[in-house]
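Just below is one structure, and these are the notes that go with it.
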Amino acid sequence: MIRRTRLAAGMCALLAALAAGTAFPAGAAAGEPTGEDAPKVDLVLDVSGSMRTRDIDGGTRMAAAKQAFNEVLDATPEEVQLGIRTLGADYAGDNRRTGCKDTAQLYPVGPLDRTEAKTAVATLAPTGWTPIGPALLKAGDDLDGGNGSKRIVLISDGEDTCAPLDPCEVAREIAAKGIGLTIDTLGLVPNTEMRRQLSCIAEATGGTYTSVEHTDELTDKVNQLVDRAADPVVTPVATEGADTCPKAPVLKSGLYTDREEFGQQRWYRVDVLPGQELRASVSVAADRAVRPDYGLLLRAVTVKGREIVRGEATGNGRTDVLSTGLRHPKPETEDSDSDEPAAETVCLVVTNSFSAASGVRAAPGLPVELTVDVVDGPGDADDVASFGLGRGWWLLGALVLAGFLAGLVWGWLSRWRIAVWRTN
């Protein structure tokens, strides 16, 4: 009985503390209307005969795609206009000319009726050819009009079968129109040639390529890309890291792209004022076959070489993109009497341990995407921010401590009352 009473008192105090902690959010919620045209996404799905293959979680590639699409349709943000286009879904014959025209709009790009879209996806069955180039051309037309972001998400399990219309050239032609359309590609159980082709398509428009071997990976990645369409469009800035910090380019807040050779280090510099916080993340894409067991390391160091903080990640060949990040909190002010405190120069060092597979070209280097964000630190110089709670963290700690003490006092009083009762 005493233990139950103590536990109840402690839990009440902890719940009250957690409720108070949530009253101090780290930042404003996303999703505010921008007044721009609605973002548009066209999901382009390969429904060729090879999608019958059973090698994704014990089921067919088509079954995995259907399951992923149903979950994505449920999670699509209301503000996104979404459509579905197929390739190779209708013609099962041997006539190449006819097979290479086999692309159709299964669900038009527009406000999403989830039930109608799911019903359309349920009717699909693996059928014919793989006309990726023609499908991309038509998908570009599907997204015509409006000034919002536009994104094609291509999901395929094989390379295009309709040469000489090269889908990579089609992607470059779309990029050359300057309409701000991004193509992201996902390869189901990819081979070398498919990986090369889908990577080229994505790179031509500033998109991403990802290989997928499991249903949940496909769902997560398509969801991520659809959500990204609703975010403000950010154009990456090309930069070139140096081999030492003094020679490194100075970066502001933004998104940057570079290339890094196998096993290389690239250096960049960021100026951080007292009271500011540096947040940085880096992704390296394996756009060609690499040996398994690789790693990625992002370090923040001082100009004298002292490490401040690091982030690291490892892979085993099951993914084509490896990412990591770090946070460097407010640097201390050395001269508090100065009217304009000096900035601290932080050196960001990106190191990879990728190695090329046998017979694979090592040049050019692997694609690198670096995000730099310099923001005002939470609160004043005397505040301590932890886990994004800011001042709420102190209140949370105080309330938890108060709850613990209250539980002890309550338990002591209960024992005293029982002792008195037994005496009487």
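The values are calculated or read from the model by the stated rules, or taken from the named source; none is laboratory data. A quick note: this is a predicted structure, and the numbers were derived from the prediction, not measured. For neighbour counting, all protein chains shown are included, and Cβ atoms are generated from backbone atoms with ideal geometry for every residue, glycine included.
Observations on the structure shown:
- Yes/no for Val189 being over 17 Å from the mean Cα position of the chain (by Cα), assigned by TED's automatic domain parsing to the domain that holds Val109 and among the β-branched types (Val, Ile, Thr): yes
- Enumerated strands (runs of 3 or more DSSP E) restricted to region 229-316, each holding at least 2 residues that are under 22 Å from Asn352 (Cβ atoms) and basic (Lys, Arg): 265-272
- Checking each residue in region 192-222 for being more than 13 Å from Val321 (Cα to Cα) and among the aliphatic types (A, V, I, L, M) picks out Met194, Leu198, Ile201, Ala202, Ala204, Leu218, Val222.
- Test result for Leu366, under 24 Å from the mean Cα position of the chain (by Cα) and either closer than 30 Å to Arg259 by Cα or modelled with pLDDT under 85 (or both): yes
- Neighbours by Cβ (under 6 Å, 6+ apart or cross-chain): first from region 136-155, modelled with pLDDT under 90; second small (Gly, Ala, Ser): Gly148/Ala38; Ser149/Ala229
- Scope region 82-112; condition crowded, with 22+ Cβ neighbours inside 10 Å and over 28 Å from Ala163 (Cα atoms); matching residues: Leu82
- When we screen Arg151, Arg172 for residues that are of a type in the set (Lys, Arg) and crowded, with 21+ Cβ neighbours inside 10 Å, the only hit is Arg151.
- The listed residues are Asp160, Asp94, Asp74, and the only one of them that is part of a loop (DSSP other than H, G, I, E, B) and in contact (Cβ under 8 Å) with a residue 24 or more places away in the chain turns out to be Asp160.
- If the condition is being touching a helix residue (DSSP H, G or I) at 6+ places or on another chain (Cβ under 7 Å) and part of a helix (DSSP H, G or I), then region 135-153 contributes Leu136, Leu137, Gly140.
- Within region 201-216, the residues that satisfy the criterion of being outside any loop (DSSP other than H, G, I, E, B) and either crowded, with 19+ Cβ neighbours inside 10 Å or not assigned by TED's automatic domain parsing to the domain that holds Ala139 (or both) are Ile201, Ala202, Glu203, Ala204, Tyr209, Thr210, Ser211, Val212, Thr215.
- Scope region 168-198; condition in contact with a Pro (Cβ under 9 Å, 6 or more places away or on another chain) and within 29 Å of Arg54 (Cα to Cα); matching residues: Gln197, Leu198
- Members of region 134-164 that are over 25 Å from Arg52 (Cα atoms) and more than 22 Å from the chain's Cα centre (by Cα): Leu137, Gly140, Asp141, Asp142, Leu143, Asp144, Gly145, Gly146, Asn147, Pro164
- Residue tally, condition in a loop (DSSP other than H, G, I, E, B) and touching a residue at least 40 places away in the same chain (Cβ under 8 Å), over region 163-182: 2
- The residues in region 249-258 that are crowded, with 18+ Cβ neighbours inside 10 Å and either under 29 Å from Val360 (Cβ atoms) or among the β-branched types (Val, Ile, Thr) (or both) can be counted, and the count is 2.
- Subset of region 265-278 (residues that are surrounded by fewer than 17 Cβ atoms within 10 Å (Cβ to Cβ) and either out of contact with any Gly (no Cβ under 7 Å at 6 or more places or on another chain) or farther than 12 Å from Val375 by Cα (or both)): Gln265, Asp271, Leu273
- Scanning region 273-325 for residues that are at pLDDT 85 or above, more than 21 Å from Ala242 (Cβ to Cβ) and acidic (Asp, Glu) returns Glu277, Asp293, Glu312.
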